[in-house]
Amino acid sequence: MNKKLLKCLKGHKSLVFLDFEGTQFSHEMIAIGGIAVLIDPKTGLIKRRKPAFKVYVKAHNKIGNYVTELTGITEATLKEKGVSFDSAMKILKKYVGINFKKSTFVTFGNHDMRILNQSIAYNIHYPKDITSQIQKNYFDFAAYISEFIRDDKGNPLSLVHYCELFGLEEAGKAHDPEVDAINLANLYDEVLVKSNLVVDEYKKHLRMHSSHLPEPIANAVTRLASGENVTAEEFEESLKKYLS
């Protein structure tokens, strides 16, 4: 488990867990939350964290009522505390520090990259070196964990529900980008610590969703995931019956 995840991190010992909040319709960035960490190169576990940070970002379009209700971010918030997209990216780089070019940027889902791309599209002036570095070294942790753990209908879980599954207490109210970034970092660490839970959940997933496989393979997978032994002879016999 650890080796598989470390491979996804491209050999980087510096990770930046990020959460972007965006407008309802144009999906422009209105806030960044993040926490930069250093990991043990052998285990992948977090060994040192910087204090988390948050910055509000001015958008060209309206936030939208739904996003305001969800995040608590209003037009007044951006007017009072917001900075330009250009400045926000520079603040992020300064926060990460000397490890910026050697960091993997971890998000939960690909919507954060959509927000980044939309903000690029709406801004003429922005630091291309910074945005391209994030795009190049981006890792979607939701896509990774949903390969092994899904709900009973085969759907990925939300960040909140993954945290619940792993027994994590949330760092604060969801949809605050700083809180979501901290929760993501905590989930990352817990997935490595509780690798047995990941294995158990993956076996459950295999048992429930092996019907798309050819019958002999589906039966073998189901039995193995249930803790039974399947011999080569038994498998060959099931193949003969299936093909007869």
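The values are calculated or read from the model by the stated rules, or taken from the named source; none is laboratory data. Here the structure is a predicted model, which means the values were calculated and not measured. FYI the Cβ positions are ideal-geometry reconstructions off the backbone, even for glycines, and counts take in every protein chain you see.
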Take the residues in the stretch 90-127 that are part of a helix (DSSP H, G or I) and small (Gly, Ala, Ser), then tell me which one is surrounded by the most Cβ atoms within 10 Å (Cβ to Cβ).
-> 119
For the stretch 69-88, name all the residues that are surrounded by 17 or more Cβ atoms within 10 Å (Cβ to Cβ), in a helix (DSSP H, G or I) and hydrophobic (A, V, I, L, M, F, W, C).
-> 78, 85, 88
Return the pairs, sorted by first residue and then second, in which the second residue is not in a helix (DSSP H, G or I), the first residue lies in the stretch 60-74 and is not assigned by TED's automatic domain parsing to the domain that holds residue 30, the beta carbons are less than 9 Å apart, and the residues are 6+ apart or on different chains.
-> none
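Per-residue answers, yes or no, for (1) among the hydroxyl-bearing types (Ser, Thr, Tyr); (2) under 21 Å from residue 150 (Cβ atoms):
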{"residue": "195", "(1), (2)": "yes, yes"}
{"residue": "200", "(1), (2)": "no, yes"}
{"residue": "204", "(1), (2)": "no, yes"}
{"residue": "210", "(1), (2)": "yes, yes"}
{"residue": "214", "(1), (2)": "no, no"}
{"residue": "222", "(1), (2)": "yes, yes"}
{"residue": "232", "(1), (2)": "no, no"}
{"residue": "235", "(1), (2)": "no, no"}
Is it fair to say residue 203 is closer than 30 Å to residue 40 by Cβ and part of a helix (DSSP H, G or I)?
-> yes
Check whether at least one residue in the stretch 34-52 is over 22 Å from the mean Cα position of the chain (by Cα), over 23 Å from residue 117 (Cα atoms) and modelled with pLDDT of 95 or more, and report yes or no.
-> no
Pick out the one residue from 56, 66 that is assigned to a helix (DSSP H, G or I) and among the hydroxyl-bearing types (Ser, Thr, Tyr).
-> 66
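Look through 210, 195, 146 and report the one residue that is modelled with pLDDT under 90 and polar (S, T, N, Q).
The match here is 210.
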Given the structure, is residue 150 basic (Lys, Arg), surrounded by 12 or more Cβ atoms within 10 Å (Cβ to Cβ) and assigned to a helix (DSSP H, G or I)?
-> no
Do the conditions hold for residue 210, that is, is it hydroxyl-bearing (Ser, Thr, Tyr) and under 19 Å from residue 109 (Cα atoms)?
-> no
So which residues in the stretch 18-34 are part of a strand (DSSP E or B) and either within 14 Å of residue 68 (Cβ to Cβ) or not hydrophobic (A, V, I, L, M, F, W, C) (or both)?
-> 19, 21, 22, 30, 31, 33, 34
